[in-house]
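J.: Quick one: the structure is below, questions incoming.
Throughout, read-outs are computed from the coordinates displayed, never taken from laboratory work. None of the values given here were measured: they were computed from a predicted structure. Backbone-built Cβ (ideal geometry, glycine too); neighbour counts: all protein chains shown.
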Amino acid sequence: MNQNKLPADPLSLILGILALVIGIAGCCCYGITAIVPLILAIIGLISANKSLREYGENPEAYNVQTRSNVNTARIINIIAVVLNGLVLLLALGMLAFYGTLMSTAILDGIENGDFEDDYYDESEYETTIESENSENWDDDTYIIEQEVDSVNLDSIQ
């Protein structure tokens, strides 16, 4: 009898450990980073399940120690899937919560007209009309003062 290793013996164990380490390290930064370890853990879990199914079909062909390794990898991958799935759901929930808060605040501001646009200073763009008395308006008596670049036309000739 030649006893071999199961195909997922090292692979699923490595993927499970990586998924746990990246998931725990990425959990502190942002929850959206839980996507990558979640995918790694799912791949490791599928690989471990396939190898355990293969062992169940022909147990004499494989070593008992390799079955134990794959079973351990399967448990680690299940823990990684659950942990990273919870972190991802929590991050998506927070994103939805803060997104609705922001959209509600923006819509309330639009409906109420509470805009304080101090970006442009109104004094720079005001035009002044010179007239001493507002009752004596003639078309020729008012001058709009603006800053305009002027070109001396005499120098062009």
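J.: Compute from the Cα atoms of the stretch 9-112 the Rg and the Dmax, the latter being the longest Cα-Cα distance, and quote both in angstrom.
T.: 19.8, 76
J.: Subtracting the Cα-Cα distance from 0.36 nm times the residue separation, let me have the gained length for residue 18 to residue 75 in nm, one decimal.
T.: So the extension gain works out to 19.2 nm.
J.: Under a 5 Å amide H to amide H cut-off, with H placed in plane at 1.01 Å, what residues pair with residue 62 once short-range neighbours are removed?
T.: 4
J.: How many nm is it between the label spots at residue 53 and residue 102, if each spot is 7 Å from the Cα in line with the beta carbon?
T.: 4.3
J.: Determine, for each peptide in 97-110, 56-69, the mean count of other beta carbons within 10 angstrom over its residues, then list the peptides with the highest first. Before the final figure, lay out the partial values.
T.: On the way: 97-110: 10.1, 56-69: 12.9.
By packing density, highest mean first, the sequence is 56-69, 97-110.
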